[in-house]
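This report refers to the structure that appears directly beneath it.
The values are calculated or read from the model by the stated rules, or taken from the named source; none is laboratory data. All values reported here derive from a predicted model rather than from experimental measurement. So basically every Cβ, Gly included, is an ideal-geometry build from the backbone, and we count neighbours across all protein chains shown.
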Amino acid sequence: MDVKLRLLRFNPESDDKPHFENYEVEADPMDRLLDCLHLVKWQKDSSLALRRSCAHGVCGSDAMVVNGVNALACKVLIKDLEQPIVVEPIRGLPLIRDFIVDMEPFFAGYRAVKPWLIVDESQHEPERERLQSPKERERFDDTTKCILCAACTTSCPIFWSDEEYVGPAAIVNAHRFIFDSRDQGSRERLEILSQRDGVFKCRTAFNCTAACPRGIKVTQAIQEVKRAALFQSF
Amino acid sequence: MAQVHEYDSVIVGAGGAGLRAALEAGKRVKTAVVSKLYPTRSHTGAAQGGMCAALANVEDDSWEWHAFDTVKGSDFLADQDAVDIMCNEAVASVLELERMGLPFNRTPEGKIDQRRFGGHTRDHGEAPVKRACYAADRTGHMILQTLYQQCNKYGVEFYDEFFVLDLLMVDGHCSGIVAYEIATGELHIFHAKAVLFATGGYGKMFKITSNAHTLTGDGPGVVYRKGLPLEDMEFFQFHPTGLYRLGILLSEAARGEGAILRNADGERFMERYAPTIKDLAPRDIVSRAEFFEIKEGRGAGPDKDYLLLDLTDVDPEVVEKKLPDITEFARTYLDVDPLKEGVPIVPTAHYAMGGIPTDVNGQVLANHNGDLVPGFYAAGECACVSVHGANRLGTNSLLDIVVFGRRGGIAMAEYASTHKLLKLPEDTERSVQQWLAAICDGPGEESTYEIRSTLQEEMMDKASVLRTDESLSEALEAIDKLRDRFTRTRVKDTCKIFNTELVEHIELGYLLDMAQALVVSAKARTESRGGHYREDHQMREDDHWLKHSFITKVPEGLPQLAYKDVVMGRYEPVERKY
Ligand SMILES: Cc1cc2nc3c(=O)[nH]c(=O)nc-3n(C[C@H](O)[C@H](O)[C@H](O)COP(=O)(O)OP(=O)(O)OC[C@H]3O[C@@H](n4cnc5c(N)ncnc54)[C@H](O)[C@@H]3O)c2cc1C
């Protein structure tokens, strides 16, 4: 079938501001949007710039705004998209070129919440694995799925207007540790998250949950972190 | 002018192998990790099924049984000293990942849970054993995330989206790398005492593959162009269950949890090919069986060109809980609900057994005599230790990257702390500059897209699961033509910032090199062993061929082959029956 695409293009060396260009490619309804973007790049205009790698929704490279909503280009199929398919870069991060944005502020937010297991290092290291019941493991399962694609954070209206806000993805990654029975760093993390740019900036718009390509209940995770911060219960 | 950075050790690649090495090297000496992708985009994150270690948490097990399975799975081509190290260190490696925070699935008692996987057996082949430690069907994702978390915790320095183009050698010593900063188009020299390559595989040379677009063999490509050898390039693994048309992987864990392969007649055909362990036979055997079923007209679908992975008899709760991702892949990409019907699958190009030859500490071999390259290391899928021989067992790669990433990281740091930085020649980056200028200035009459897709089709048709001298000769001829056409392409995008056309162009060049090395090695090996199956030489021939191939590029004409004996140990080659 013919697929009509309307892509927001921006070349920092020659353009003052982004503009739309139209393209048409021949594709199968079961093809991914990424396949069509590749056809544009490989057959029509080799200068089209995008990030991608795994092409099946696990590496998190190709988050874009597709017909107005955040998605991974490799996880939406042509048959499910209204045409012309309008594709824009994710919002709230500095635009570099075409669909490429500067990811540094996003990763800075991630690193700020100490997303690693914190344990009392003075304690004697156990010789075998630490025990964790299936129920304890289940408690934080949902937030272990995060692939750091930034689809949630860049769908958040608070993040658009306030780049200091750590954003949903950082909170998801904090949640993953706060509710891990083996972790001992929740107090430090919640202290960081209780600060001005932390979790209480969230206004529960739910955009993040809708945007997550891994189906993580992002807003729920944020609410749980808020509660943990308020009541010091985790 | 290129920017110059000085480090004790530089690691290229931020997948599981690179990050594991970085944790060791970073604790000991000044270390940088240089990667063309953000670390968490690496393909380790796509690994699904598990990582094996004889923890014996669920069933009786021993590392020695694991070693036996690995050697037998390798069709006796693995070096048995390296296999012993890997299987012995497996237990500590898994426990260490748990201590770093990796969220493994748990048994009711709270221990790390384990499940079955192809080719892993109890007591030397008696029956399948539960040896794979896992986190649902996202084990690789969890390993990658956990290692990245630890690297952040310890402040490892990263250069993300830096594309490595060249290795710097001074008097036969490795002294650094040249990298292209994708965001700016600038060149950078990383001047170092020791370098470790962990750049992953090169499955993108095949049409149907489970590999990422970015898996193009850059690391082995750089090494090959330097005139250093690559080992066992003829051995490429095809995984039996890739989604039809797409190649996206459905983990062997599905069969580990009880799924069954069926042909068009609904027959469980693996009963005929591997009567004892059936669907859980090693991948080379199952992929071949699938090709034979299709060839003999028992394929499913209107074109009789696929088989079915049947999960309908597996407990739906197990499917949703332990295999959620692959269930979603089938639903998203094929519109098939695995709970209700068979999933169309075909063999998919999956894993490179061959690569940069190393010793058990990750140090790179300069030739088939076993001489070492000072200061140069490799680990992970781009390397060949060799622990996988002619066919890798499922779950042994995640193990490989962690065990040998760690060993390589320690060894390179020891080397770096006892050696001096060697002086680099003037204009170190000149040859790279000239190369890049030439790429952007070619005639531009050929399309890289056509070259890439023709390569992928030719390799799939002529050099994949079933091979003959004739098919390989045709493949070689096709590759020669494509290499020639490639010289008449040009990068048209002139923008310095995120010129991804330039990156893809260079990647295609490496793929063409890898394809040539694979086909030349495969044509020479006139026997069948593991993933290398010759219809015109169907038997394994230990008298002649129990040896590793070393292929080296020469200035003119076809690359040259030499051979190195396999390191034997406890297990003598026997007929491989399952
Ligand atoms: C779908 C799938 C499922 C799998 N499941 C399993 C499993 O269950 N169990 C198992 O044991 N194995 C599994 N494997 C195999 C295993 O995942 C891989 O072999 C392993 O993860 C490779 O790790 P690596 O660190 O060597 O490379 P990768 O993780 O591929 O990382 C390569 C790194 O090199 C960098 N790089 C490459 N080229 C350059 C360059 N020119 N310059 C700079 N950087 C560069 C990239 O940026 C990347 O960071 C699976 C493989 C696939 C494809």
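Among residues of the range B:192-211 being of a type in the set (A, V, I, L, M) and over 11 Å from the mean Cα position of the chain (by Cα), the one that is farthest from B:GLN363 (Cα to Cα) is B:ILE208.
Checked against the criterion of being within 16 Å of the ligand (Cβ to nearest atom) and either under 20 Å from the mean Cα position of the chain (by Cα) or at pLDDT below 95 (or both), the range B:514-521 has at least one qualifying residue. What do you reckon, is B:ALA2 within 16 Å of the ligand (Cβ to nearest atom), crowded, with 24+ Cβ neighbours inside 10 Å and in contact (Cβ under 8 Å) with a residue 12 or more places away in the chain? For B:ALA2, the condition - within 16 Å of the ligand (Cβ to nearest atom), crowded, with 24+ Cβ neighbours inside 10 Å and in contact (Cβ under 8 Å) with a residue 12 or more places away in the chain - is not met. From the list A:GLU13, A:GLU24, the one residue that fits, being at pLDDT 95 or above, in a strand (DSSP E or B) and either surrounded by 13 or more Cβ atoms within 10 Å (Cβ to Cβ) or within 11 Å of chain B (Cβ to nearest Cβ) (or both), is A:GLU24. Determine whether the range B:531-542 contains at least one residue that is in a helix (DSSP H, G or I), of a type in the set (Gly, Ala, Ser) and within 16 Å of the ligand (Cβ to nearest atom). Looking through the range B:531-542, none of the residues is in a helix (DSSP H, G or I), of a type in the set (Gly, Ala, Ser) and within 16 Å of the ligand (Cβ to nearest atom).
Could you list, in sequence order, the residues of the range B:198-210 that are part of a loop (DSSP other than H, G, I, E, B) and within 11 Å of the ligand (Cβ to nearest atom)?
B:ALA198, B:THR199, B:GLY200, B:GLY201, B:TYR202, B:SER210
Restricting the search to strands (runs of 3 or more DSSP E) fully inside the range B:298-414 and requiring at least 2 residues that are of a type outside the set (Ser, Thr, Tyr), touching a residue at least 60 places away in the same chain (Cβ under 8 Å) and within 14 Å of chain A (Cβ to nearest Cβ) gives B:343-352.
Checking each residue in the range B:336-374 for being of a type in the set (Asp, Glu) and either crowded, with 24+ Cβ neighbours inside 10 Å or over 21 Å from B:ARG392 (Cα atoms) (or both) picks out B:ASP337, B:GLU341, B:ASP371. Among the residues of the range B:234-254, those identified as within 11 Å of the ligand (Cβ to nearest atom) and among the small types (Gly, Ala, Ser) are B:GLY242, B:GLY247, B:SER251, B:ALA253.
Within the range B:505-530, can you find the residues that are in contact with a Gly (Cβ under 9 Å, 6 or more places away or on another chain), over 30 Å from B:LYS492 (Cβ atoms) and assigned to a helix (DSSP H, G or I)? B:SER521 - this is the single residue of the range B:505-530 that is in contact with a Gly (Cβ under 9 Å, 6 or more places away or on another chain), over 30 Å from B:LYS492 (Cβ atoms) and assigned to a helix (DSSP H, G or I). Considered as a group, the residues in the range B:145-185 that are among the hydroxyl-bearing types (Ser, Thr, Tyr) and within 21 Å of A:CYS149 (Cα to Cα) include one that is farthest from the other protein chains (Cβ to nearest Cβ), and that residue is B:TYR159.
The rows are residues; the columns are (1) under 30 Å from B:ALA22 (Cβ atoms); (2) at pLDDT below 95; (3) within 16 Å of the ligand (Cβ to nearest atom); (4) of a type in the set (A, V, I, L, M, F, W, C).
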| position | (1), (2), (3), (4) |
| --- | --- |
| B:ARG298 | no, no, no, no |
| B:LEU307 | no, no, no, yes |
| B:LEU311 | no, no, no, yes |
| B:ASP315 | no, no, no, no |
| B:ASP335 | no, no, no, no |
| B:ILE356 | yes, no, yes, yes |
| B:ALA366 | yes, no, no, yes |
| B:ASP371 | yes, no, no, no |
| B:CYS382 | yes, no, yes, yes |
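Within the range A:120-138, residues that are within 9 Å of chain B (Cβ to nearest Cβ) sit with their Cβ atoms under 6 Å from residues that are outside any loop (DSSP other than H, G, I, E, B), at 6+ positions apart or across chains, in these pairs: A:GLU129/B:LEU95; A:GLU129/B:GLU98; A:GLU129/B:ILE112; A:GLN132/B:ARG106; A:PRO134/B:ARG106; A:ARG137/B:ARG106. Any residue at all in the range B:211-233 that is assigned to a strand (DSSP E or B), within 16 Å of the ligand (Cβ to nearest atom) and either at pLDDT 95 or above or touching a strand residue (DSSP E or B) at 6+ places or on another chain (Cβ under 7 Å) (or both)? Yes, there is a match, as at least one residue in the range B:211-233 is assigned to a strand (DSSP E or B), within 16 Å of the ligand (Cβ to nearest atom) and either at pLDDT 95 or above or touching a strand residue (DSSP E or B) at 6+ places or on another chain (Cβ under 7 Å) (or both).
Keeping to the range B:36-80, report how many residues are within 14 Å of chain A (Cβ to nearest Cβ), in contact with a Phe, Trp or Tyr (Cβ under 7 Å, 6 or more places away or on another chain) and at pLDDT 95 or above.
Residues flagged as within 14 Å of chain A (Cβ to nearest Cβ), in contact with a Phe, Trp or Tyr (Cβ under 7 Å, 6 or more places away or on another chain) and at pLDDT 95 or above within the range B:36-80 amount to 4.
Residue count for the range B:12-69 under the criterion of being near the ligand (Cβ under 7 Å from one of its atoms) and of a type in the set (A, V, I, L, M): the result is 8. Of the residues making up the range A:139-159, those that are more than 9 Å from chain B (Cβ to nearest Cβ) and under 12 Å from A:ASP180 (Cα atoms) are A:ARG139, A:ASP142, A:THR143.
Residues in the range A:69-81 include at least one that is surrounded by fewer than 22 Cβ atoms within 10 Å (Cβ to Cβ), without any contact (Cβ under 8 Å) to a residue 12 or more places away in the chain and over 16 Å from the mean Cα position of the chain (by Cα). Of all residue pairs spaced 6 or more apart or on separate chains, those with beta-carbon atoms under 8 Å, a first member in the range B:219-241 that is more than 14 Å from chain A (Cβ to nearest Cβ) and among the basic types (Lys, Arg) and a second member that is assigned to a loop (DSSP other than H, G, I, E, B) and away from the ligand (no atom under 12 Å from the Cβ) are B:ARG225/B:LYS553.
Would you confirm whether any residue within the range B:519-540 is in contact with a helix residue (DSSP H, G or I) (Cβ under 9 Å, 6 or more places away or on another chain) and under 25 Å from A:LYS41 (Cβ atoms)? No: the range B:519-540 contains no residue that is in contact with a helix residue (DSSP H, G or I) (Cβ under 9 Å, 6 or more places away or on another chain) and under 25 Å from A:LYS41 (Cβ atoms).
Filtered by the rule that a residue be at the interface with chain B (Cβ under 8 Å from one of its Cβ atoms) and touching a strand residue (DSSP E or B) at 6+ places or on another chain (Cβ under 9 Å), the range A:33-47 gives A:GLN43, A:SER47. Could you say whether any residue in the range B:54-67 is in contact with a Leu (Cβ under 6 Å, 6 or more places away or on another chain) and of a type in the set (S, T, N, Q)? Among the residues of the range B:54-67, not one is in contact with a Leu (Cβ under 6 Å, 6 or more places away or on another chain) and of a type in the set (S, T, N, Q), which makes the answer no.
Just to be sure before I move on: is B:ASP137 modelled with pLDDT under 95, buried (at least 24 other Cβ atoms within 10 Å of the Cβ) and of a type in the set (Asp, Glu) in the structure I sent? It is true that B:ASP137 is modelled with pLDDT under 95, buried (at least 24 other Cβ atoms within 10 Å of the Cβ) and of a type in the set (Asp, Glu). Mind listing just one residue for me: the one in the range B:384-430 that is over 21 Å from B:GLY219 (Cβ atoms) and among the basic types (Lys, Arg) and, of those, nearest to the ligand (Cβ to nearest atom)? Within the range B:384-430, the match that is nearest to the ligand (Cβ to nearest atom) is B:ARG430.
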